[in-house]
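*Asks:* Before we start, here is the structure in question, set down as structure tokens.
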């Protein structure tokens, strides 16, 4: 069994962590989501969750009405105890009545507006827990110093308050579990959206069309030039030369 202080501390921690983590993760996920979401529109609340909350609040409202009526009928001044105990008990009764008439209706209204809001739900649970402790001391004093009828009526109211507080605590645990699941889903979504895209595959272009081949050019062969030799006429014979003279 988890003690009430440990359970309250755990719920406070879950509320804070869930609120911070959800706001950051949801913002990151929505910022990268391709489809734009409507601004300021809360997600729809499941019917089962609303139905459960309505049952708890109806029981709480009935118990609150009965507590106020029975506390008003309690005659603490007639109790068989000392004046200090009477004054302390009367102060507790007045504190309970103020809570039931003012603080509790405002908190219930907040929860009705946001049935699955962790902060509003925990605020209601914490208020019921405080009422449970203070009203329990009044019931104990009524059993010790008050009449049998007063004690019986207040005991019945105390049982109704205990049931409402327990039901609200169980609802808080379920809400905390749902928020943890939502956090895990958002973490996975953000991880997927923020992951670096894989490098594009390399494209290999194959060109099947070969360019036309150029005709091979024939090398020009140059013939070696033959040297020209000058032919000198033969000398005329001497007899011919003399005749010419």
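*Asks:* Against the definition (at pLDDT below 95 and more than 30 Å from the chain's Cα centre (by Cα)), how does residue 89 come out, yes or no? Quick ask: steps written out before the conclusion?
*Replies:* Numbers: at pLDDT below 95: no; more than 30 Å from the chain's Cα centre (by Cα): yes.
The answer is no for residue 89.
Rundown of residues vs (1) under 27 Å from residue 60 (Cβ atoms); (2) out of contact with any helix residue (DSSP H, G or I) (no Cβ under 7 Å at 6 or more places or on another chain); (3) modelled with pLDDT under 75, yes/no style:
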site: 149; (1), (2), (3): yes, yes, no
site: 165; (1), (2), (3): yes, no, no
site: 168; (1), (2), (3): yes, no, no
site: 174; (1), (2), (3): yes, yes, no
site: 191; (1), (2), (3): no, yes, no
site: 205; (1), (2), (3): no, yes, yes
site: 212; (1), (2), (3): no, yes, yes
site: 217; (1), (2), (3): no, yes, yes
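*Asks:* A follow-up question, please. In the stretch 64-94, which residues are free of Cβ contacts under 8 Å to residues at least 40 places away in the same chain and within 21 Å of residue 165 (Cα to Cα)?
*Replies:* Selection gives 65, 68, 69, 94.
*Asks:* Another question, if that's okay. Does the stretch 105-123 hold any residues that are under 17 Å from residue 170 (Cα atoms), part of a loop (DSSP other than H, G, I, E, B) and either in contact (Cβ under 8 Å) with a residue 60 or more places away in the chain or in contact with a strand residue (DSSP E or B) (Cβ under 7 Å, 6 or more places away or on another chain) (or both), and which are they?
*Replies:* Hits for the stretch 105-123 are 115, 116.
*Asks:* I would also like to ask the following. Does residue 126 count as within 32 Å of the chain's Cα centre (by Cα), over 14 Å from residue 93 (Cα atoms), in contact (Cβ under 8 Å) with a residue 12 or more places away in the chain and surrounded by fewer than 20 Cβ atoms within 10 Å (Cβ to Cβ)?
*Replies:* So residue 126 passes the test.
*Asks:* Restricting the search to the stretch 45-77, which residues are part of a helix (DSSP H, G or I), surrounded by 12 or more Cβ atoms within 10 Å (Cβ to Cβ) and within 24 Å of the chain's Cα centre (by Cα)?
*Replies:* Within the stretch 45-77, 49, 50, 52, 53 qualify.
The values are calculated or read from the model by the stated rules, or taken from the named source; none is laboratory data. Quick caveat, the model's predicted, so the values are computed rather than measured. Backbone-built Cβ (ideal geometry, glycine too); neighbour counts: all protein chains shown.
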